[in-house]
Amino acid sequence: MKKLLSLLLALAMCVSLFACAKTENPPEATPSASPTAEATVTEEAPEFVTFTDSANRTVEIPTNITKISPSGSLAQMFLIAIAPDLLVTVASGYGESDAKYVPAALNDLPVVGQFYGSEDLNFESIAAIGSEIVIDIGEPKKTIVEDMDSITTNLAIPAIHITATLDSAPEAFRTLGTILNREAKGEELAAFCERALAQTAEIMASVGDNKVSALYLLGDSGLNVLAKTSFHSEILDYVTDNLAVVDEPSSKGSGNETDLEQISIWDPEVILFAPGSVYGSVAADPTWSQLQAVKNNNFYEVPLGPYNWMGSPPSINRYLGMLWLTNILYPEFAVFNLYDQVKEYYNLFYGYDLSVADYDELTANAT
């Protein structure tokens, strides 16, 4: 019994000493990470991302693009539709009558020309204003890879090409929406284009082989014609029987030269005159008035504001041309309110609230 008591006493003393030792010499606590610091530790977005453009060029572009220069008027039209606030230069300015249709800030931007066409793109102005990227949109030229590479070399900023034909414009808007962080707007614009294409396809399916014969005449004397199969006659060829068959269709917006004798031989049911041509004088001209289109009052002036509805440049404005032409040429199949669809276009693509008075002014010689 004594041995057992001695053993228990010794054990109690050991426990007591151990507890005292813990109290007198506590180990240093290991610092723990701050919850706030841990919550704010996030992976930063990369400054640049890799983008493969329509010319199959792999380019590093800014993740958040804030300053864009369009390569020309076609690109400008796409960009003012989806991100006018990101433009820091424009390829061409707007006249007094057209300026009201586009966001006001665009009218104060420096005009730097274009890479194609007039070929007067001002690299110095683009560099001075600090553009982050040059975007080219439209039909690719044969030299598109070399062209975009040369812009990149000259400016030391990326230049990209996005192909956009009449059919591929919706996809072009979706691509722009992705790289400009404007996905919702890109989809909205794409959807409008797709609806216009589907509506026109349905109308033309109903028309079948009964297309109206037509000519598109332009120039100071009205003696230039948009030839069939030319790039600029795409809409005309689609919705009419374009009678202007020539040996070498011009790729230029000025069309092919012709004369009144040839126009009389073609003698179309409908004539479309470009803005600023001879629409106002043909009815009183003895020679012009012999044409069935003039005799039957089936001649029209293409609406203009801020761009020609049929092209010039041949970009997304051609959707207006499709809507307009199907409405005036095939009213039995085009059972839609033209003003409503034009108003929607101007709101979506220009940010402009088109009034009935505006519409009447635009279409004064077109309906």
Among (1) of a type outside the set (S, T, N, Q); (2) assigned to a helix (DSSP H, G or I); (3) in contact with a Pro (Cβ under 6 Å, 6 or more places away or on another chain), the one test that Asp237 misses | (3)
Looking at the stretch 108-121, is at least one residue surrounded by fewer than 22 Cβ atoms within 10 Å (Cβ to Cβ), under 21 Å from Ile65 (Cα atoms) and not hydrophobic (A, V, I, L, M, F, W, C)?
-> yes
With (1) assigned by TED's automatic domain parsing to the domain that holds Gly138; (2) buried (at least 20 other Cβ atoms within 10 Å of the Cβ); (3) not in a helix (DSSP H, G or I) as the list, and Leu176 as the residue in question, which single condition is left unmet?
-> (3)
Subset of the stretch 308-367 [modelled with pLDDT under 95 and among the polar types (S, T, N, Q)] | Ser312, Ser315, Thr367
Subset of the stretch 286-342 (residues that are part of a loop (DSSP other than H, G, I, E, B), within 17 Å of Leu197 (Cβ to Cβ) and not hydrophobic (A, V, I, L, M, F, W, C)) = Gly311, Pro314, Ser315, Asn317, Tyr330
Given the conditions (1) over 22 Å from Tyr319 (Cα atoms); (2) modelled with pLDDT of 95 or more; (3) of a type outside the set (Gly, Ala, Ser); (4) not assigned by TED's automatic domain parsing to the domain that holds Val59, and given that Pro249 satisfies all but one, which numbered condition is not satisfied?
-> (2)
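The values are calculated or read from the model by the stated rules, or taken from the named source; none is laboratory data. These numbers were taken from a predicted model, which means no experiment stands behind them. Please note: Cβ atoms are built from the backbone with ideal geometry, for glycine as well, and neighbour counts cover all protein chains shown.
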